[in-house]
């Protein structure tokens with residue numbers, strides 16, 4: 001277990017270094033920054049712009065700047081946002097929590113639909129229900145978030161549902177519902193054909209008890225992997241959902257940072273997103289570990 | 001038994017998907033012919049006009065097979081609401097004369113599928129946008145534009161991804177570790193945020209063609225990794241097979257083994273993956289253009305047309321026409337998915 005955590009921490013640090021370095025050099029090589037648009041303003045002299053740039057340290061070489069950025073990042077100081085004029089770390093964290101709660105609700109919605117439909121499929125094995133599940137998977141997988149969030153906006157406009165939070169959560173959850181449902185339904189179906197299910201039946205357990213106590217446990221691991229992987233997709237999806245519906249969060253913050261060429265803010269976004277993705281994957285692996293005794297046995301060997 | 005039913009259903013799904021895709025390709029090829037009007041020509045007197053009122057009756061009110069369109073009349077300039085004038089109408093014509101264009105880029109033509117016999121009264125099947133441009137024409141051109149950009153992007157991303165996957169999977173050791181490490185990092189990060197961050201490295205306002213090229217570059221930048229992971233796994237599985245060992249012993253060069261012996265055997269799953277990249281790129285293009293950092297006016301794209309739907313007062317008045325690009329996007333994604341599930345289930349049948 002200790003070995004696992006050390007490996008994960010090294011992976012996390014490497015991921016942070018790669019993304020921060022790639023983002024920093026790409027954004028610095030751009031040849032344009034928050035002051036570029038000032039150059040078109042005839043009332044601002046070139047010397048004044050240079051002075052401004054120097055005050056933010058933009059006149060130093062890239063490697064030096066990355067070094068000092070890294071040094072202060074290690075102390076959780078990500079500098080100040082050009083656009084908001086507040087510390088990046090603070091801003092990014094507060095917006096991240098807002099999106100994290102949204103993503104949590106989206107995962108909850110997706111799990112609720114996936115688990116209950118898969119349970120009904122395993123319990124009743126009805127062909128109609130199975131076709132219905134296939135239909136749901138197809139429709140949910142092919143409705144893009146940009147489409148669903150615009151429709152959510154239309155619903156908001158017409159006032160049918162007025163909760164911005166739940167509409168955003170539903171919009172965010174849509175493709176995830178299809179992914180989780182397809183995966184969980186399939187693995188539950190496979191689990192129902194295993195020997196231990198036959199043994200449980202022979203013991204005289206009711207079908208519901210078999211599914212809930214035995215098959216679920218076997219089916220849950222692939223779904224957990226998917227959950228870890230989909231965290232990044234949820235953060236990416238928040239870009240469009242939050243911008244369309246107009247809810248502050250990490251996605252809408254990214255768009256504002258891009259429109260205003262706020263490079264420190266973008267660096268902050270990249271860092272928190274990498275951290276979140278890493279944490280999500282680690283959490284999923286830990287949960288799998290807790291759930292599956294075979295993995296524990298492997299570790300013991 | 002239910003499996004047979006499932007397969008039959010899926011093959012119908014594949015047919016439906018292919019039919020839809022064929023429709024998209026048809027639109028992409030004949031966009032200019034299908035579009036009634038020039039997508040750039042504005043009519044400032046008719047902003048946000050509704051869908052043209054059509055009636056199947058002639059001037060005397062008796063039934064006629066040739067439909068007529070009525071001229072929209074603005075009743076409130078502030079709210080941009082319209083009624084139509086029953087006295088002023090024009091006949092709808094097939095193969096009407098309109099703006100000149102080049103079919104397939106070479107054949108000069110000026111005929112369009114639909115039009116009217118009058119220059120003043122237009123046929124606007126999806127109404128007009130805020131600058132009075134025919135929305136249907138813009139939508140058709142946007143479909144063509146988005147499809148071309150996304151197909152080129154998917155092709156580039158697939159090529160780069162396959163090449164890196166082949167090299168990594170076959171070379172092994174340090175090359176493989178580096179390639180698969182970077183690929184895993186790229187896959188785990190949300191591609192939309194990465195694309196947006198990379199977008200800042202370039203000027204925000206770009207002419208449409210430069211923007212399209214940039215989009216292809218950005219799609220390749222994030223899209224290669226998934227392909228590399230797949231290719232690498234397949235190569236690793238294939239390279240230990242006997243016929244590869246035989247080829248190596250008989251002195252065939254590594255490059256030739258990769259291209260002639262391994263690639264053809266793993267082509268099918270790679271093709272499936274490549275088709276799945278297509279809708280992802282269409283969505284990325286739509287998202288970027290929607291946010292105003294992709295393809296910009298006057299060139300229509302599905303994304304920048306959708307941006308008009310982000311206006312609450314407009315959305316309340318004209319929800320359907322404003323969301324029509326969204327419906328097109330959903331249909332395209334659906335078409336690719338239907339085809340894909342249908343075809344991959346056929347593959348399973350061949351194996352069993």
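The values are calculated or read from the model by the stated rules, or taken from the named source; none is laboratory data. Keep in mind the model is a prediction, meaning the values are calculated, not measured. Every residue, glycine among them, receives a Cβ derived from its backbone with ideal geometry; neighbour counts consider all protein chains shown.
Taking the range B:72-90 as the range and being closer than 22 Å to residue B:314 by Cβ and under 36 Å from the mean Cα position of the chain (by Cα) as the test, the residues that pass are B:72, B:73, B:74, B:77, B:78, B:79, B:80, B:81, B:82, B:83, B:84.
I'd like the full set of residues that are part of a strand (DSSP E or B) and touching a residue at least 60 places away in the same chain (Cβ under 8 Å), limited to the range B:103-134.
Step one: of the range B:103-134, the residues part of a strand (DSSP E or B) are B:103, B:107-116, B:128, B:134.
The answer is B:103, B:109, B:111, B:112, B:113, B:114, B:115, B:128, B:134.
The one condition from (1) in a helix (DSSP H, G or I); (2) within 12 Å of chain B (Cβ to nearest Cβ) that residue A:261 does not meet is (1). Of note, residue B:221 does not satisfy the criterion of being within 11 Å of another protein chain (Cβ to nearest Cβ) and either over 20 Å from the mean Cα position of the chain (by Cα) or outside any helix (DSSP H, G or I) (or both).
Restricting to the range A:194-211, name every residue that is without any contact (Cβ under 8 Å) to a residue 40 or more places away in the chain, closer than 16 Å to residue A:120 by Cα and exposed (fewer than 14 other Cβ atoms within 10 Å of the Cβ).
Narrowing the range A:194-211 to residues without any contact (Cβ under 8 Å) to a residue 40 or more places away in the chain: A:194-206, A:209-210.
Those left that are additionally closer than 16 Å to residue A:120 by Cα: A:206, A:209-210.
Across the range A:194-211, the qualifying residues are A:206, A:209.
Residue B:229 passes every criterion in (1) without any contact (Cβ under 8 Å) to a residue 12 or more places away in the chain; (2) within 14 Å of another protein chain (Cβ to nearest Cβ) apart from (1). For residue A:125, the conditions (1) closer than 18 Å to residue A:247 by Cβ; (2) free of Cβ contacts under 8 Å to residues at least 12 places away in the same chain; (3) surrounded by fewer than 20 Cβ atoms within 10 Å (Cβ to Cβ) all hold with the exception of (1). When A:100, A:141, A:114 are checked against the criterion of being within 30 Å of residue A:213 (Cβ to Cβ) and either assigned by TED's automatic domain parsing to the domain that holds residue A:222 or buried (at least 19 other Cβ atoms within 10 Å of the Cβ) (or both), a single residue qualifies: A:114. If I ask for residues that are buried (at least 17 other Cβ atoms within 10 Å of the Cβ) and over 19 Å from residue B:285 (Cβ atoms), which ones from the range B:190-239 would you list? Hits for the range B:190-239 are B:228, B:229, B:230, B:231, B:232, B:234, B:235, B:238, B:239.
Residue A:240: assigned by TED's automatic domain parsing to the domain that holds residue A:127, touching a helix residue (DSSP H, G or I) at 6+ places or on another chain (Cβ under 6 Å) and part of a helix (DSSP H, G or I), yes or no? Criteria met by residue A:240.
Go through B:176, B:242 for me and flag whichever is farther than 23 Å from residue B:271 by Cα and more than 14 Å from chain A (Cβ to nearest Cβ). Let's see the steps before the verdict.
Details: B:176 fails: farther than 23 Å from residue B:271 by Cα.
Only one candidate qualifies: B:242.
Quick one: which of B:278, B:283 is more than 30 Å from residue B:241 (Cα to Cα) and away from chain A (no Cβ under 12 Å)?
On the way: B:283 fails: away from chain A (no Cβ under 12 Å).
Step by step, each of B:278, B:283 is checked, and only B:278 is more than 30 Å from residue B:241 (Cα to Cα) and away from chain A (no Cβ under 12 Å).
Going by the structure shown, is residue B:260 more than 30 Å from residue A:252 (Cβ to Cβ) and in contact with a helix residue (DSSP H, G or I) (Cβ under 9 Å, 6 or more places away or on another chain)? The answer is yes for residue B:260.
Could you check the range B:273-317 and list, in sequence order, the residues that are more than 30 Å from residue B:228 (Cα to Cα) and surrounded by 23 or more Cβ atoms within 10 Å (Cβ to Cβ)?
As a first pass, look at the range B:273-317 and keep what is more than 30 Å from residue B:228 (Cα to Cα): B:292, B:296-300, B:304-317.
If the condition is that a residue be more than 30 Å from residue B:228 (Cα to Cα) and surrounded by 23 or more Cβ atoms within 10 Å (Cβ to Cβ), then B:300, B:304, B:305, B:306, B:309 are the ones that fit.
Being facing another protein chain (nearest Cβ under 7 Å) and surrounded by fewer than 24 Cβ atoms within 10 Å (Cβ to Cβ) is the filter here; which residues of the range A:237-258 pass it? Matches in the range A:237-258: A:243, A:255. The listed residues are A:27, A:58, A:17, and the only one of them that is closer than 16 Å to residue A:274 by Cβ and at pLDDT below 80 turns out to be A:27. Every condition in (1) touching a residue at least 12 places away in the same chain (Cβ under 8 Å); (2) within 23 Å of the chain's Cα centre (by Cα) holds for residue B:319 except the one numbered (1). Of the helices (runs of 4 or more DSSP H) that lie entirely inside the range A:112-214, those containing 3 or more residues that are away from every other protein chain (no Cβ under 12 Å), closer than 30 Å to residue B:287 by Cα and out of contact with any strand residue (DSSP E or B) (no Cβ under 8 Å at 6 or more places or on another chain) span A:164-191. The single residue among B:44, B:88, B:111, B:68 that is exposed (fewer than 12 other Cβ atoms within 10 Å of the Cβ) and not assigned by TED's automatic domain parsing to the domain that holds residue B:339 turns out to be B:44. In the set (1) in contact (Cβ under 8 Å) with a residue 60 or more places away in the chain; (2) farther than 26 Å from residue A:18 by Cα; (3) not in a helix (DSSP H, G or I), the condition left unmet by residue A:85 is number (1).
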